[in-house]
Each structure stands twice: as structure tokens, then as C-alpha cells.
1. So which residues in region A:65-79 are facing chain B (nearest Cβ under 7 Å) and either of a type in the set (D, E, K, R) or part of a helix (DSSP H, G or I) (or both), if there are any at all?
2. I'd like to know if region A:147-164 contains one or more residues that are part of a helix (DSSP H, G or I), aromatic (Phe, Trp, Tyr) and at pLDDT 90 or above.
3. Is one or more of the residues making up region B:203-210 among the polar types (S, T, N, Q), within 30 Å of B:Glu36 (Cα to Cα) and in contact with a helix residue (DSSP H, G or I) (Cβ under 9 Å, 6 or more places away or on another chain)?
4. I'm trying to understand the selection: among the residues of region B:60-111, which are within 22 Å of B:Ser14 (Cα to Cα) and in contact with a Pro (Cβ under 6 Å, 6 or more places away or on another chain)?
5. Which residue, of A:Lys82, A:Lys41, is at negative phi, over 14 Å from the mean Cα position of the chain (by Cα) and within 12 Å of another protein chain (Cβ to nearest Cβ)?
6. Would you check which residues across region A:165-179 are of a type outside the set (A, V, I, L, M, F, W, C), assigned to a helix (DSSP H, G or I) and at pLDDT 95 or above and list them?
7. For the subset of region B:53-70 comprising residues that are under 10 Å from B:Val20 (Cβ atoms) and hydrophobic (A, V, I, L, M, F, W, C), which member is surrounded by the most Cβ atoms within 10 Å (Cβ to Cβ)?
8. Taking region A:179-234 on its own, how many of its residues are within 18 Å of the chain's Cα centre (by Cα), of a type in the set (Asp, Glu) and over 27 Å from A:Lys152 (Cα atoms)?
Amino acid sequence: MEEKKSKVILHGMWASTYSKRVEIALKLKGISYEYVEEDLKNKTESLIQLNPVLKKIPLLVHDGKPVADTQVILDYIDETWKNSPRFYPEDPYERAQVRFWVSYINQQEMTVSCCKVFEVMGRVMLQEGEAQAKSVEEARERFRVLEEGLKKHFPNKTIRGNDDVGLLDIIIIASFGVYKAVHEAIGVEIIDPVNTPTLYNWIEQLQQLPVIKEVEVPHDRLVTFLQKCRQEHLQQAANA
Amino acid sequence: MSEEKVVVLNFWPSMFGARVIMALEEKDIKFEYKEEDVFGDKTDLLLQSNPVHKKIPVLIHNGKPVCESNIILEYIDEVWNNDKTLRLLPSDPYEKAKCRFWADLIDKKVFDAGRRTWTKKGKEQEEAKREFIETLKVLETELGEKFYFGGNETISVVDLVLISYYPWFHTWETIGDFSLEDHTPKLMDWVRRCLARPPISKSLPDRLKILGRVSQIIKVHEFFYGY
């Protein structure tokens, strides 16, 4: 008897940390999928048709049904493929804590994403001089709050294998795993063993996992891309 | 056996607080309401319960705080989940994903465009009005022929999230000088159906009170948003 195979397609973009979150989630669950690289300046017809309201990546298409919005996709994956690792703890209160810190990282705009430009890390990347210095201070403050929160609510963090990985881990490694490239591109260090030891160690542990190494973006390629974004933006601002 | 103790910290005009209260009422969960003066002195309870953001709403369940309205709604639905209780999210993962998508979209688009219809002037105000009406039209299409966003039998988080903005519609319409009846009459029918549900009508702040407060704020040229 033939087993009905699920058809999963991910529309993503190689430099997007949001797209990366979904890729990591799919690989952790052992889900085979087809990847469609989107050029954000020239989106495919199918992306526009399947995600007409937002027209954004990442977009997951499962057996023809589109699921949009990164967090909605991650929850959908965990609820549809119930194998290990489960992205959330069992207890509703613990689940609420995970959601809170994921929300903090998202709201406080601590990631550099090519898709949005007003995020604090985005501002750090796209500004210079005094404006950049101010944004750097803001960024440091947000990372300080995150560092305190992680230390307090998730003490003794140990990641030995895929089964220890949950939603917060996925968000942390996808968003901050590229910190070395970001530091190089903007010339400022935000994550390091002295100022953010909990976060630094958390990332180091996750980076050892084979599944994470599989989706790693080449450092130099990302640095070049981020520097290009920065130069383009500064030029536009100067000409305005 | 100790009793379940539920406390809600809120600020009366907040659409984020309103949806938490409606959820508790719809699920028939007893709770104690505490008003926070968010522009005056925040209570120690609020500062301790939400030290990171110091914002309302906060749900405190048997002494343990849960923050952020949409996180609170998920929590409420997960904890009070027996067969007899109304479910705010469907059990099918795809239907649930659609609910979460729309709830999220409403907060992203309605909040911001709505705020700009009363805080901005001229071209920016016109743009905000256009965006707000456009978003409601998209939502009207999504509602289609259904009684509620949750279906014909039941409401869902999407209904609660959108109706929580209703008391603010009157303010935005008045200051922006437009009427939603002209643009999205079917959605206004949905509004009336929601308001016919006591858990919703008794939990929403008075729209005239909100207009009064906003008018005062405009008068003294203060640019902050109450929530």
C-alpha cells in the first residue's frame, strides 16, 4: 500500500532570519520539503497568489494549503507533526513564558532582517555616527533585558541533541546565530561572552547541532550582503 | 482544595484588556478586576507582575502572572478547556493557523492605522483612513457569509480581537469624518451580532467615554495612547 506523502513547500529568502526559523523547524521535525528561493524585488506568481494579503516570506504550503506569518507557521508545524522535538513545554504556564520571550525578541526588533528596516538592529545597521550610537545603546539595553530574562526563567540551559530544542531555541539560533556576521558588517559588537554570557553560551550550544550546521549561511556571503544593504541605504539617505 | 483565583489588571479604554475580559466572560470564568492608572502611578502589583514591559493587561492566575493579551488568550483557552466550555481556537491545526493569522493581522493593521486617524492631520490622516477602511474590507471579505469569524455557532479569538477595537471605531469615525456603514455594512452587521452577546457588550468600554477622553487629549495637545 502506498503511503500518502505530505507535500511541503517553503517559500523563503536565504538571508532572512524569519525564513531560517521555519527551515530549522522543518529540519528538526524531519519533514522533507521543497524550498523556493524568493527574490523579494521580484516575487514569484505563486507567492503572490498564495499569500495575497501579506505577499511575504516565509510562506509554508502544506498539501496546497498556504500558512503565512512566521510564528503561525512554527505553531502549525508543531501541531501538525507531533513528533519530537515538541516546540513547547506541556504546562500552559510554561508555554506562556516561552511565548512571552519569543514575543519580546520579535517586538523589540532585535534581529537584523533584510525585510524590515525599522528594527533596532536594523537601525544600528542602517545608521551612522550619533544616530547609530544611540541605536546601539537601545540595542544593548534590549539585549540586557533578554539576558536577565533568559538567566532567570531558563536556568541551567543544556542542549545535547535535537530533543532538547524548543521554540525559543529556534528563534534564538535563527535570529542571533549570525551575530558574528552582523558584528562584522556594522562594526559593533552586541553579543559576547562578557556582556551576554547566557545568550552567548546558548548560541554556542545550538551551533554544535548538525541540523543547525546544515542551514548555516556562509559568513562572508552574509557580511557582503549586509554591507551592501547598509551602503545602499546610507547612499539613499544622503541623496534624499 | 484551594479555589482558582483569577485577577485581571487593566486600563479601561484598552482594546487589549477588553479582549481578555470578554474571553473570561465568554468562558464563564470568575475573576477580580483591578483598574490600573497607567499614566499615573502604576501599582506595585503591576510592576511586579510585568517587570519587563510594565503594561496591562496582565492575568494573574493563582498568583502567577501571564502578560500580553494574545498570549493570555491562548493561556485561557488551554487552561479552561473542558467539553462544556466554549473554545476560542479551533482544534484543527490548519483552522487554528488561519485564526492566529487573522488575529495577528488585525493587531498589526487596525491598531496603527486607527491611531493615525486621530493623531495625524492632512495627507497622513487621509492615508490612515484609507488603510483602516481597506483592512476592514479585507476582514469583511474573510467573514463572508459566516455569522462570526469563528463560524455560525461560535466566536473565536478573531471575533474577540476585532470587536475589542469597536469602542474606538466611533472616535476614529468622528475625528476622521467617515462612517463605516458606508464602506463595510456587512462587517457592521457582524458588530451588532457581537454586541448582542452579553459577555461582549458588558465587557467593552463605552465608546462615548472614549471619544470624550480622546477629545480632551486632543484639546491639551497630548500625544499618548491609552492602552
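1. A:Lys65, A:Asp69, A:Val72, A:Asp75, A:Tyr76, A:Glu79
2. Among the residues of region A:147-164, not one is part of a helix (DSSP H, G or I), aromatic (Phe, Trp, Tyr) and at pLDDT 90 or above, which makes the answer no.
3. For region B:203-210, residues among the polar types (S, T, N, Q), within 30 Å of B:Glu36 (Cα to Cα) and in contact with a helix residue (DSSP H, G or I) (Cβ under 9 Å, 6 or more places away or on another chain): present.
4. B:Ser69, B:Tyr75, listed by residue number.
5. After ruling out the rest, the residue left standing is A:Lys82.
6. Hit for region A:165-179 is A:Asp169, nothing else.
7. Of everything passing the filter in region B:53-70, B:Leu59 is surrounded by the most Cβ atoms within 10 Å (Cβ to Cβ).
8. Matching residues across region A:179-234 total 2.
The values are calculated or read from the model by the stated rules, or taken from the named source; none is laboratory data. Bear in mind that the values here come from a model prediction, so they are computed numbers and not experimental data. In this analysis, Cβ positions are derived from the backbone assuming ideal geometry, glycine residues included, and neighbour counts consider all displayed protein chains.
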